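Input: a single structure, listed below in structure tokens.
The values are calculated or read from the model by the stated rules, or taken from the named source; none is laboratory data. All values reported here derive from a predicted model rather than from experimental measurement. Every residue, glycine among them, receives a Cβ derived from its backbone with ideal geometry; neighbour counts consider all protein chains shown.
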Amino acid sequence: MRLNQHLTRLARKAMQEAFGLESPEPDLRVATDPRFGDYQINGVLPLAKQLKGNPRQLAEKLVAALDFDGACLPPEIAGPGFINLRLDPAWVGQQVGRIAVDERLGVEEQNPTQSIVVDFSSPNVAKRMHVGHLRSTILGDSLVRTLRFLGHRVVGDNHVGDWGTQFGTLIWSFKQGHDAILLEQDPLGELERLYKHGSERARESAEVAEEARQELSRLQAGDPENKALWERFVGLSRRDAESLYDRLNVSFDSWKGESHYNQVLPALVERMVAQGLAREDQGAIAIFYGDHPELGDKPFLVRKKDGAFLYATTDLATLEERLEHYDPDRIIYVVDVRQSLHFVQLFEAARLLGMAQNGHPRLEHVGFGMMLGQDGRPFKTREGGTVTLAALLDEASERVYPKVAERYPEANHDELHRLAEQVGIGAVKYADLCQHRTTDYRFDWEKLLAFEGNTGPYLQYSLVRTRSLLREHLVRFGSEFEPVAGELKLEEPEEKALAVELLRLGDVLDRVAEHLTPHLLCEYLFGLGRCYNVFWDRCPILKVEIPDSVRRRRLTLSAGVARAFEIGLSLLNIPALERM
RNA sequence: GCGCCCAUAGCUCAGGGGAUAGAGCAUCUGCCUUCUAAGCAGGUGGUCGGAGGUUCGAAUCCUCCUGGGCGCGCCA
């Protein structure tokens, strides 16, 4: 079910008939005010000039041609030429009865399906994951899940930063002396310490800097000792990252780091030079964009004067391989918005190279803003250091523990610990996802861990309450409730309003997939929760005096709400709990 | 210097050229002998940074200004 899409199609047909237009835009959307009905058609107004008509008369003409096949009550014309649509409760009851207990809440897979690559998370080797990786990981994971739910063939690729000049420094430092025990106990801590030590020394001494460069060239030349060290660093880093991914319940279909593309880089650059696309300048090789309005003065460096390659080169090689392996319709890069320029350059280079022409595949940079502390400055520890992801999740869990302990006193310590972890991580994820991705977001423990308001815990609780209601039926009536199989005879306005909300999920997910903005799903789920609370307040369910048929209807609606939350939370990858 | 992004209620933020700009939090008033009050109903609170322009219609599009953030060839 795609309610908006369905109504739009019918409205467009009527516009074609009424106005003789080929492909008119009904601009049908959810009504701005409940007094205007459920949906409104705004598309008549812009046509007034084009058709040289009075918008209200045009609206009348359209209304005469509209046929929603029973979905809507007779449309009304309002204001300068809006057409207000009220869904027929009987039709809504029929539709919601069909989808309420459906596994997918009636959201069909897209047809045709697409092949999509999502490039996200991308931690660096020898560095602990920190809050800077959080948004890419959470956003990317949610996008993968949403696109996959819609039926697309999605490859989530972790493009790990496992190659680059820093390894010369790290190897040099390692050889100077390392703490074998620490490397065992806290590998990433020791690697970070070694790197820091090495880069400090290299800054002080040109000799050291030169030695580090030599270690790097030995690594690049395939020196067995350095290669073994590099592999060890990569392995340790991967294990560390995996433990965080386990905690976040995030996984990847592919895990190809930058090093994977090393071998093809020289030939790629040579080819670009031969094609006249790249040329030498001041010793380096760069792609120049001629008189491109935005990039004319911004060359894209693909080889340094010392012969080393850059991430521009790797990204082009990566793109080429993805085209070959996946024949993608979309490639989505979930990377900090500060790298916008890089992606404009990359996508333009891809176009010039013939890798992406006429917008196929769609190359999309899903940029996101920074995580700020309450003071509005970049999020740091009290001492001004980087906050590691592990520490952030630990703190979330610790802060939540007393809250769940207070609310769920029957649970033992282990259960509470598990719950605190799931609520804490869900809260951190939700805080990140519920805001438009391009805006910087202000991290505030009090706000994001609150059990009231637009938060993760609130949504988790909404599902818990719905599930507990369905369980409670068994306790009170001695049997599982039987969902209504066919049409629901919706009587109360709150029942209809809730049912209409349930029919909207498919439209919302389509928009999330189109714009790559999970906050729309968050907004929807929060709105559904509020809608359900109103329903809950006005429409008693388990009370003995409620007739059986009414109870079954309301429980069926509740089951639909539970399903919507289950689907929504799973797409946001926020734990769905049985009780809390 | 050039470029990109941002400025909406006390705070944090939504807002697809369309009707009287919304939500959460905060604050104030009602509502728990009734399925979990983690809630519901309502009130207070706005020159949508400023000035022009386009349009039947602008928070939204264009220009300029102010204030803030970020980026701009050998890191990623």
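List of remarks:
- Summed over the stretch A:471-488, the residues that are surrounded by 18 or more Cβ atoms within 10 Å (Cβ to Cβ) and near RNA strand B (Cβ under 10 Å from one of its atoms) give a count of 1.
- Tally of residues being within 9 Å of RNA strand B (Cβ to nearest atom) and surrounded by fewer than 22 Cβ atoms within 10 Å (Cβ to Cβ) across the stretch A:308-330: 4
- In the condition set (1) small (Gly, Ala, Ser); (2) assigned to a helix (DSSP H, G or I); (3) on the phi > 0 side of the Ramachandran plot, A:Gly376 is compliant with all but (2).
- Residue in the stretch A:537-553 that is nearest to A:Val484 (Cα to Cα), counting only those that are surrounded by fewer than 10 Cβ atoms within 10 Å (Cβ to Cβ) and within 6 Å of RNA strand B (Cβ to nearest atom): A:Lys543
- Checked against (1) under 16 Å from A:Arg128 (Cα atoms); (2) loosely packed, with under 15 Cβ neighbours inside 10 Å; (3) within 33 Å of the chain's Cα centre (by Cα), A:Leu188 meets all criteria but (2).
- Residue check, A:Glu258 within 26 Å of A:Phe120 (Cα to Cα) and under 38 Å from the mean Cα position of the chain (by Cα): yes
- Just so you know, in the stretch A:341-373 the residues that are farther than 19 Å from A:Leu143 by Cα, within 15 Å of RNA strand B (Cβ to nearest atom) and not hydrophobic (A, V, I, L, M, F, W, C) include one that is surrounded by the most Cβ atoms within 10 Å (Cβ to Cβ), and it is A:Gln345.
- Any chance A:Asn84 is among the polar types (S, T, N, Q), within 12 Å of RNA strand B (Cβ to nearest atom), crowded, with 19+ Cβ neighbours inside 10 Å and at pLDDT 95 or above: yes
- Only one entry in A:Leu323, A:Leu295 is of a type in the set (A, V, I, L, M) and at pLDDT 95 or above, namely A:Leu323.
- Any chance A:Val117 is within 30 Å of A:Asp246 (Cα to Cα) and at pLDDT 95 or above: yes
- Test: A:Leu516 is at positive phi and within 35 Å of the chain's Cα centre (by Cα): yes
- Selection of first residues in the stretch A:162-190 that are outside any helix (DSSP H, G or I) and of second residues that are surrounded by 21 or more Cβ atoms within 10 Å (Cβ to Cβ) and of a type in the set (Asp, Glu), restricted to Cβ pairs under 9 Å at least 6 apart or on distinct chains, gives the following pairs, ordered by first then second residue: A:Asp162/A:Glu258; A:Trp163/A:Glu258; A:Gly164/A:Glu258.
- If only residues of the stretch A:42-67 that are under 15 Å from A:Asp27 (Cβ atoms) and more than 12 Å from RNA strand B (Cβ to nearest atom) are counted, the one that is surrounded by the most Cβ atoms within 10 Å (Cβ to Cβ) is A:Leu62.
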